[in-house]
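J.: Attaching a single structure in structure tokens format; questions to follow.
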Amino acid sequence: MARLVTYAFEDSVAWITMDDGKVNALSPSMFAELDAGFDRAESDEAAVVVWCGRPGIFSAGFDLTVLRGGGEDAVPMLQSGFKLAERILSFPTPVVVACPGHAIAMGVFLVLSADYRIGVRGPFRFTANEVAIGLTMPRAAVELCRQRLAPAAFNRAVMLAEVFAPEDALSAGFLDRVVDPTDLEDTARDVARLLCGLDRLAHRLTKERARARLLEDLRAGISADNAELAGRPLH
């Protein structure tokens, strides 16, 4: 079976690339390979991680075939998405997302979890589309959006499922930079090279301090969402 995630390490930078040949659906297998990639980055003592998608797309979100099928795979898959977001938000070294196109639903929540987000110009969509498809936004997703999006954009993105083009995603807070598609890899490499110059301990401790409240709220949201999915009463 072909790998869904590839890993490369060069000049203190770990490159983690998702490519399922389609829309980079976030399946249990994809999450397992992503976790393994971030494990390797920590083991290799990477100074920076660059997390990439495939041409035209970062990810379209959860694997709908698993999600619609329900059963024993659906709930753990949902949990894996937000646990990965929590891991990225608290990762000990900078995480740069190189987003080559669309980022939808859980895909956009993972983009929001990175420290620096680079997108590309083109007919691409950034959207948290849960409300549009009849789903109440998970609490964990609300906290992820709240921490990065501008207040007006937060309301439109979360409650109205607005679709943002790359330039609008930049002003809304989904992205930190938008470049031409042909410049994405070089820009990500330049950003990573710059971030390699940070003091690692100072970065890690400052990230922990700056995101302490967010991570507390995110973990509470994950716990409440999990209880709801399992049909347990919320306290």
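Only the coordinates and a few stated rules stand behind these numbers; no lab work does. All values reported here derive from a predicted model rather than from experimental measurement. With ideal geometry, Cβ positions are generated from the backbone for all residues, glycine too; neighbour counts draw on all protein chains shown.
J.: Subtract the Cα-Cα distance of M159 and L135 from 0.36 nm times their separation in residues, and report this length gain in nm to one decimal.
T.: Values: separation 24, 0.36 × 24 = 8.64 nm, distance 1.09 nm.
Between M159 and L135, full extension yields 7.6 nm more.
J.: Below 8 Å between Cα atoms, with a sequence gap of 6+, how large is the relative contact order for segment 5-182 in percent?
T.: On the way: 350 pairs, mean separation 33.5, N = 178.
Relative contact order here is 19 percent.
J.: Separate question: So which residue, out of D186, D63, D20, gets the largest mean-square fluctuation from a GNM of the chain using Cα contacts under 10 Å as springs?
T.: Greatest mean-square fluctuation among the candidates belongs to D186.
J.: Calculated FRET efficiency, L201 and D35, Cβ-Cβ r, R0 25 Å, to nearest 0.05?
T.: Details: r = 24 Å, r/R0 = 0.97.
Calculated transfer efficiency: 0.55.
J.: Moving on to the next point. What are the semi-axes of the equivalent ellipsoid for the chain, taken as the square roots of 5 times the Cα gyration tensor eigenvalues, largest first, in whole Å? Walk me through the numbers before you get to the answer.
T.: Details: eigenvalues 129, 79, 73 Å².
They are 25, 20, 19 Å, listed from largest to smallest.
J.: Run the helix sum for the chain: -39,500 (n - 2.57) per DSSP H stretch of 4+ residues, divided by residue count, reported at 222 nm to the nearest 500 deg cm²/dmol. Intermediate results must be reported in sequence, preceding the final value.
T.: Working: 10 runs with 117 residues, N = 235.
So the helix-based figure for the chain works out to -15500 deg cm²/dmol.
J.: Let me ask something else about it. State, to one decimal in nm, how far the label point of R87 lies from the label point of R219, with both points 7 Å from Cα in the Cβ direction.
T.: Distance between label points: 1.7 nm.
J.: Okay, moving on. Would you mind telling me which residue in V66, V95, V48 has the biggest mean-square fluctuation in a Gaussian network model of the chain, where springs connect alpha carbons within a distance under 10 angstrom?
T.: Comparing V66, V95, V48 in the GNM, the peak value goes to V66.
J.: With N set to the number of residues, divide the alpha-carbon radius of gyration of segment 134-235 by 2.2 N^0.38 Å and report two decimals.
T.: On the way: Rg = 17.3 Å, N = 102, 2.2 N^0.38 = 12.8 Å.
Ratio of Cα Rg to 2.2 N^0.38 Å: 1.36.
J.: Taking the Cα centre of segment 5-182 as the origin and placing charges on Cβ (Lys, Arg +1; Asp, Glu -1), which of V23, W51, N155 is farthest toward the positive end of the dipole?
T.: Of the options given, the answer is N155.
J.: Counting pairs of Cα atoms in segment 1-113, how many percent are more than 24 Å apart?
T.: Values: 1165 of 6328 pairs.
For segment 1-113, the fraction of Cα-Cα distances above 24 Å is 18 percent.
J.: May I pose another question? Over the alpha-carbon set of segment 117-170, divide Rg by the Kirkwood Rh and report the Rg/Rh ratio to two decimals.
T.: On the way: Rg = 11.1 Å, Rh = 11.6 Å.
Rg divided by Rh gives 0.96.
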